[in-house]
Amino acid sequence: MRVKRFAAVALAGVMGMSMLAGCGDSGKDESTTAAKSDATEATDATEAASEEEAIKTTLTVWGPAEDQSPDYGEWLQTTCEAFKKEHPNWDITFEYGTCSEGDAGKTVTQDVSASADVYMFANDQLQTLIDAGAISELGGSTADYVKSTNSQAIVDSITVDGGIYGVPFTTNTWFMYYNKKTFTEDDVKSLDTMLEKGKVSFPLSNSWYIAAFYLANGGTLFGDGTDNDAGINFGGDNGKAVTDYLVDLVNNKNFVNDESGVGISGMTDGSISAMFSGSWDYAALHDALGDDLGIAVMPTAKIGGADKQLLSFAGSKAIAVNPNCEYPQVAVALALYLGNEASQESHYTARNIVPCNTSLLESDAVKGDALVTAQNATFDTTAFIQPFVPKMSNYWTPAENFGKSLVNGEVTHDNAADMTESFNTSLNTDVAQ
């Protein structure tokens, strides 16, 4: 149970935030009581840290380049050093490496024993990491903290067979940015309305995005997303109707396929009035458009004569622990610290990384932010939790290729039925074959 004791210590940063919040109005008994309670908790955490066994270790931590950049305050290094100060009995030397959350499944599994002790990952790679023995299941106070500070959907996104793997720190999805000078709030409810008024960029040849249309019209991915044997169904009459819609979409003079940065450059110079992306593009877009930048959840599309709600893939990003680490209690405590409420707030301040901690989402610091509202509203209402069953690996290349075929004009109304069925077959063909 050492992990449980050390995980509790990692909550000191959160307790400190509560303590400060309780000092505003000493005239109220309840505030005084809360402050005393928080002070007691902080004291307990300090005492627990002083009782930790003496450990000297080198801890390897991997994260995206942006988190280690001076442009963003070297968030990762700064947070790790803050963690070190809270554990005086642990003599930790940090070594940092660059690995984006999206590349963790590929990079960490190349040589698990030589990979980072603590790293960040996107949850769609979870099964790959588990199969490679590259990620630890978390228990005790760490698992309790994850469950008590996140929505059930977030918890589910890093849970496999009842086990929790990783400390979530943000939702991971995409939504819509638009220019308020071109579109009204009513306009952006419908993609078809938007296409009548201005140029819209959409990454149709990107497999993470194209599924939005097929899911909108009844397409399924592994049943409810968890049944590996159920396969993918983007075919039939529903699938053909989507393909027909996409044929018309690429032929619309106001449609632009977003690839190689076309969308963001067009939004910046004013030649494009809407694009679909995530929080990572917010800073650049806000710098370019200022108050004219609008952010909205996914629109509908008129498929088969009826308005259908487009659904974006969604998941989470989390902090993981390598099972091969020398001192699991240190690595687990750091993972929890990097993903706790205080660290999520500093991450948000540094890089606009949208938090998922439920208490932080209700705080004045983030509650009124349009970016936070749009991302989390998308996650809650217009998103499909991306499956991470093993056969999901069959999806990516065929989906990308079909998107390219649409953009290149190889798919037409005349061959839409046959091309849709071929596409659906390829989605259900084992990658290894």
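Brief remarks on what is shown
- Residue within segment 382-393 that is assigned by TED's automatic domain parsing to the domain that holds Ser205, of a type in the set (Ser, Thr, Tyr) and either surrounded by fewer than 18 Cβ atoms within 10 Å (Cβ to Cβ) or modelled with pLDDT of 95 or more (or both) present: yes
- Val354 meets each of the listed conditions (1) within 15 Å of the chain's Cα centre (by Cα); (2) assigned to a helix (DSSP H, G or I) apart from (2).
- Residue match in segment 400-423 (condition: of a type in the set (Ser, Thr, Tyr), touching a residue at least 40 places away in the same chain (Cβ under 8 Å), assigned by TED's automatic domain parsing to the domain that holds Asn233 and buried (at least 18 other Cβ atoms within 10 Å of the Cβ)): yes
- Those residues of segment 260-284 which are of a type in the set (D, E, K, R) and either within 30 Å of Pro355 (Cβ to Cβ) or outside the structural domain of Ser190 (by TED's automatic domain parsing) (or both), in sequence order: Asp281
- All of Leu129, Leu191, Leu138, Leu195 fail the test of being assigned by TED's automatic domain parsing to the domain that holds Ser359 and either small (Gly, Ala, Ser) or more than 20 Å from Asp67 (Cβ to Cβ) (or both), apart from Leu138.
- Considering the conditions (1) surrounded by fewer than 22 Cβ atoms within 10 Å (Cβ to Cβ); (2) β-branched (Val, Ile, Thr); (3) farther than 20 Å from Gly270 by Cβ, Thr184 is excluded by exactly one of them, (3).
- Within segment 253-272, one or more residues are touching a Gly at 6+ places or on another chain (Cβ under 9 Å) and surrounded by fewer than 20 Cβ atoms within 10 Å (Cβ to Cβ).
- For Ala320: the one exception among (1) assigned to a strand (DSSP E or B); (2) closer than 25 Å to Tyr214 by Cβ: (2)
- Leu311 in contact with a helix residue (DSSP H, G or I) (Cβ under 7 Å, 6 or more places away or on another chain), surrounded by 23 or more Cβ atoms within 10 Å (Cβ to Cβ), hydrophobic (A, V, I, L, M, F, W, C) and modelled with pLDDT of 95 or more: no
- Inclusion of Ser426 among residues that are surrounded by fewer than 20 Cβ atoms within 10 Å (Cβ to Cβ), touching a Pro at 6+ places or on another chain (Cβ under 8 Å) and over 30 Å from Ser151 (Cα atoms) is warranted.
- In the condition set (1) within 20 Å of Thr170 (Cβ to Cβ); (2) surrounded by fewer than 24 Cβ atoms within 10 Å (Cβ to Cβ), Lys302 is compliant with all but (1).
- Search result, residues across segment 108-132 that are under 27 Å from Leu221 (Cα atoms), hydroxyl-bearing (Ser, Thr, Tyr) and surrounded by 20 or more Cβ atoms within 10 Å (Cβ to Cβ): Thr128
- Complete set of residues in segment 156-200 that are at pLDDT 95 or above and part of a helix (DSSP H, G or I): Asp187, Val188, Lys189, Leu191, Asp192, Thr193, Met194, Leu195, Glu196, Lys197
- For segment 133-142, the set of residues classified as small (Gly, Ala, Ser) and buried (at least 16 other Cβ atoms within 10 Å of the Cβ) consists of Ala134, Ser136, Gly140, Ser141, listed by residue number.
- Criterion: closer than 20 Å to Phe202 by Cα and either among the hydrophobic types (A, V, I, L, M, F, W, C) or buried (at least 23 other Cβ atoms within 10 Å of the Cβ) (or both) - qualifying residue of Thr378, Thr397: Thr378
- Screening the candidates Gly339, Gly304 for the property of being modelled with pLDDT of 95 or more and at positive phi yields one hit, Gly304.
The values are calculated or read from the model by the stated rules, or taken from the named source; none is laboratory data. Keep in mind the model is a prediction, meaning the values are calculated, not measured. In this analysis, Cβ positions are derived from the backbone assuming ideal geometry, glycine residues included, and neighbour counts consider all displayed protein chains.
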